[in-house]
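Shown next, in structure tokens, is the structure this report addresses.
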Amino acid sequence: MKQQHSLSSFLFFLLFLHCANTFAQSPAAAPAQTPAAVVAQPPATTPTQAAQPHGITNVTKILEKAGHFTIFIRLLRSTQEESHLFSALNDSSSGVTIFAPTDSAFSELKSGTLNTLSDGDKSELVKFHVVPTFLSTSQFQTVSNPLGTWAGTGSRLPLNVTSYPNSVNITTGLTNTSLSGTVYTDNQLAIYKIEKVLLPKDIFASKAPAPAPVALAPEKPTKAVPAATVESPVAPVDISSALMFAHNNVVGSVGMVAAAMFAL
């Protein structure tokens, strides 16, 4: 009986070892791996995007790219109107229209004209070229004159436009010119090229040179007229006694002649 129990225990022990060895040789199941999280990277910012906010147009950059607006760009910067334009395009919903004179337009001014202007006059000159609303070329047909500008309105600051089928004419009372091309346009900003500087009367009317006096023909020299000789007055002479003496002599002579005749 004891031998049978020992044999059963030994067989059970062998079975246990076999099972343990089998489990030890079986590879352990690899733990399930979770997918790696994908982090989206923001797009790289280009230098152009970093230089200016989205949607804001840089007027001076447009003029520099177009070329031939060096003097007007310098005036925009020196008068701080460049910053004014940036703010207006950022804050205003009505837009802006700019009449940009070329360098050749400024060269037609009298030499030294810009140097004689005060800082205030230079600022007003630039503002006179900016209309505080967006105007397409077709809208010039319906605008009311005179146009208001950043410089103001009134009889001293008139700016009138006349639209024709193939051109748009601009007059200020001192300047008469036409749009010679479109530099830039979108739904907010329009820049038109002009070949003459728009001169406001408020600055230049009082500074216009006076017309030269008409030269008179030289007078012919006249001969000197000698002064009239004025004779001193002569005192009146009483000749009544002389006349009486002469009368008596005549009467006496006649009497003697008559007596002599009777005597004959």
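Among the residues of the stretch 181-205, those that are open to solvent by 60 Å² or more (accessible area, probe 1.4 Å) and of a type outside the set (D, E, K, R) comprise 182, 184, 185, 187.
For beta carbons closer than 7 Å, sequence separation of 6+ or different chains, a first residue in the stretch 188-205 that is closer than 17 Å to residue 118 by Cα and free of Cβ contacts under 8 Å to residues at least 12 places away in the same chain and a second that is acidic (Asp, Glu) and assigned to a strand (DSSP E or B), there are no qualifying pairs. Among the residues making up the stretch 86-106, those that are open to solvent by less than 50 Å² (accessible area, probe 1.4 Å) and modelled with pLDDT under 95 are 88, 89, 92, 95.
Pairing each residue of the stretch 120-149 that is among the acidic types (Asp, Glu) with any residue that is surrounded by 20 or more Cβ atoms within 10 Å (Cβ to Cβ), provided the two are 6+ apart or on different chains, yields C-beta distances under 9 Å for 121/203; 124/151; 124/157; 124/200; 124/203. Considering 109, 76, the condition of being open to solvent by 30 Å² or more (accessible area, probe 1.4 Å) and modelled with pLDDT of 95 or more is satisfied by 109 alone. In the set (1) closer than 24 Å to residue 108 by Cβ; (2) out of contact with any Gly (no Cβ under 6 Å at 6 or more places or on another chain); (3) not hydroxyl-bearing (Ser, Thr, Tyr), the condition left unmet by residue 141 is number (1).
The values are calculated or read from the model by the stated rules, or taken from the named source; none is laboratory data. Note that the structure is predicted; figures quoted are calculated from it, not measured. Every residue, glycine among them, receives a Cβ derived from its backbone with ideal geometry; neighbour counts consider all protein chains shown. Side chains included, ligands, DNA and RNA excluded: accessible areas come from the protein's heavy atoms. Shrake-Rupley method; radii C 1.70, N 1.55, O 1.52, S 1.80 Å.
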